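Comments concern the structure below.
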Amino acid sequence: MRAGAAARTPAAALPPLPAGDFSAWLSSALAALAEEAPADVPCGSCNACCRTSHFIHVRPEERRARARLPRELLFPAPGLPPGNLVLAYDEAGRCPMLVDGRCTVYADRPLACRTYDCRVYAATGVPTDRDAIAEQARRWRFGYPTADDRERQAAVLAAVRFMREHPESLPSDAARVQPIRLAVLAIAVHESFLQGESGAQPRRLPTDAERARVIMAAGEKLFGDG
Ligand code: SF4
Ligand code: SF4
């Protein structure tokens, strides 16, 4: 999640954007989920995710963010252990830290902002319910220079299909109703949906029950669901 310049061209006039080669993007997205590296999204002047009614999760250990964010804008995070907070948004759906189109706490922004990457919607085909983000997500174009790029996206799409067809496999009601959770889970568990060979050996495909267990475990790890 980035916060750039205030001026924006109407989305209809905006050209496609290169999202990177699919497998390379997927690796970086998984690293961001594992908190090994922030998402490196070429946001340009977009700040859509800072003005689309998101409650921003702030974890207990995020001392720098907590020191910068006004206490009166932080509230206990529903369903999470004490110490977890959310940063509220204003009546227009904007993060109060967004001033003149820029993030005023950018260097100390919460982890949720550092790891947000709207390319996940383009990668998974999961539609976001936030129009401004959807407009940006529609612009991304991945590259597929190798078979691996196509196989991994096919696995991501298969993971989405599986979770839609087996909603009982999802770890929580939140995962069932929040597009971002479905999309993030799909990339997190995509290895379980890879087809074809693994090295020189035919790949043994997991059973539905095994896939459901992988999805549950990913939900627990990523969102504290389960
Ligand atoms: S919506 Fe996407 S491109 Fe726009 S600021 Fe957020 S992450 Fe960046
Ligand atoms: S803290 Fe900064 S990056 Fe995060 S939503 Fe607010 S303005 Fe955007």
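According to the square roots a ≥ b ≥ c of the eigenvalues of the Cα gyration tensor, what is the shape class of the stretch 8-72, taking rounded for a/c under 1.5, prolate for a/b larger than b/c otherwise, and oblate for the remainder? Because a/c hits 1.5 or more and a/b fails to exceed b/c, the stretch 8-72 counts as oblate.
Phi angles across the stretch 144-160 convert, under the Karplus curve 6.51 cos²θ - 1.76 cosθ + 1.60 with θ = phi - 60°, into 3J(HN,Hα) values of 10, x, 10, 4, 4, 4, 6, 5, 6, 5, 4, 5, 4, 5, 5, 5, 4 Hz, Gly and Pro given as x.
Near Ala37, the amide H atoms lying under 5 Å from its own belong to Ala32; only residues 5 or more places off or on other chains count, and H is placed 1.01 Å from N. Shape class for the chain, computed from the alpha carbon gyration tensor (a ≥ b ≥ c): oblate, with a/c not under 1.5 and a/b at or below b/c. Close amide H pairs (under 5 Å, H built 1.01 Å from N) link Ala77 with Asn84, Leu85, Val86, residues at least 5 positions away or on another chain.
Roughly speaking, what is the stretch gain from Gln201 to Asp21, that is 0.36 nm per residue apart minus the C-alpha to C-alpha distance, in nm to one decimal? Working shown, then result.
Numbers: separation 180, 0.36 × 180 = 64.80 nm, distance 2.59 nm.
Contour length minus the Cα-Cα distance gives 62.2 nm.
You can think of it this way: the chain between Arg63 and Thr146 has 25.7 nm of extra reach, that is 0.36 nm per residue less the Cα-Cα gap. By the count of other C-beta atoms within 10 Å, a proxy for reagent exposure, Phe75, Phe162, Phe193 are ordered fewest to most as Phe75, Phe162, Phe193.
With a Förster radius of 45 Å, plug the Cβ-Cβ distance of Asp40 and His166 into 1/(1 + (r/R0)^6) and report the FRET value to the nearest 0.05.
On the way: r = 33 Å, r/R0 = 0.73.
For R0 = 45 Å, the calculated efficiency reads 0.85.
When Asp148, Asp117 are arranged by Cβ crowding within 10 Å, least crowded first, meaning fewest neighbours, the order is Asp148, Asp117.
Prolate is the label for the stretch 42-116, because a/c, from the alpha-carbon gyration tensor with a ≥ b ≥ c as root eigenvalues, is 1.5 or above and a/b exceeds b/c.
Neighbour counting of Cβ atoms within 10 Å sorts the residues Leu80, Leu85, fewest neighbours leading, into Leu80, Leu85.
Bear in mind that the values in this text are calculations on the coordinates, not laboratory data. The model shown is predicted, which means the values in this text are computed figures rather than measured ones. Note that we place each Cβ from the backbone using ideal geometry, even for glycine, and neighbour counts take in every protein chain shown.
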